[in-house]
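Chemist: Got a structure here, written out as structure tokens. Questions coming.
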């Protein structure tokens, strides 16, 4: 089903939100990166369970940092070429405002996304 193209005010609003999200994500990545210091392996300083917990927390922080970095990259790509924003990378049709409001970095329209997930 073909979606209506974004109006200029809708596109400006979404791009403005993405700019704000970019700043927020950059700050979060810096904070997560600083918490990703190597875990101390001295058993006298930290018990075995505490060390395992610290390692798990470090791994989760690294996974979050990776995910946020990917999100940052996508937002930067959108902001560098805003003319392409709002169009499906697969079929070239407009991505609906509803989808972009919920998932502003969506690269595929709902139909193409559904087809990709059904593979």
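Chemist: Given the structure, is residue 26 surrounded by 12 or more Cβ atoms within 10 Å (Cβ to Cβ), over 22 Å from residue 76 (Cβ atoms) and modelled with pLDDT of 80 or more?
Modeler: So residue 26 does not fit the description; no.
Chemist: Let me ask something else. Does residue 73 fit the bill of being within 12 Å of the chain's Cα centre (by Cα), loosely packed, with under 14 Cβ neighbours inside 10 Å and closer than 17 Å to residue 18 by Cβ?
Modeler: yes
Chemist: Pairs, please: C-beta under 8 Å, at least 6 apart or cross-chain, first residue on the phi > 0 side of the Ramachandran plot and in segment 8-35, second at pLDDT 95 or above and exposed (fewer than 12 other Cβ atoms within 10 Å of the Cβ)?
Modeler: Going by the 8 Å Cβ cut-off, there are no qualifying pairs.
Chemist: Could you please find all residues in segment 82-98 being without any contact (Cβ under 8 Å) to a residue 40 or more places away in the chain and part of a helix (DSSP H, G or I)?
Modeler: Listed by number, the residues that qualify are 83, 84, 98.
Chemist: Okay, moving on. Considering each of 71, 58, 77, 13 in turn, give the residue that is modelled with pLDDT of 80 or more, over 19 Å from residue 108 (Cα atoms) and either part of a helix (DSSP H, G or I) or touching a strand residue (DSSP E or B) at 6+ places or on another chain (Cβ under 6 Å) (or both).
Modeler: Going through 71, 58, 77, 13 in turn, just one is modelled with pLDDT of 80 or more, over 19 Å from residue 108 (Cα atoms) and either part of a helix (DSSP H, G or I) or touching a strand residue (DSSP E or B) at 6+ places or on another chain (Cβ under 6 Å) (or both): 13.
Chemist: Out of segment 95-119, which residues are farther than 30 Å from residue 30 by Cβ and either surrounded by fewer than 13 Cβ atoms within 10 Å (Cβ to Cβ) or touching a strand residue (DSSP E or B) at 6+ places or on another chain (Cβ under 6 Å) (or both)?
Modeler: Correct list: 98, 114, 116, 117, 118, 119.
The values are calculated or read from the model by the stated rules, or taken from the named source; none is laboratory data. Keep in mind it's a predicted model, so treat the numbers as computed, not measured. Note that each Cβ is placed from the backbone with ideal geometry, even for glycine, and that neighbours are counted across all protein chains shown.
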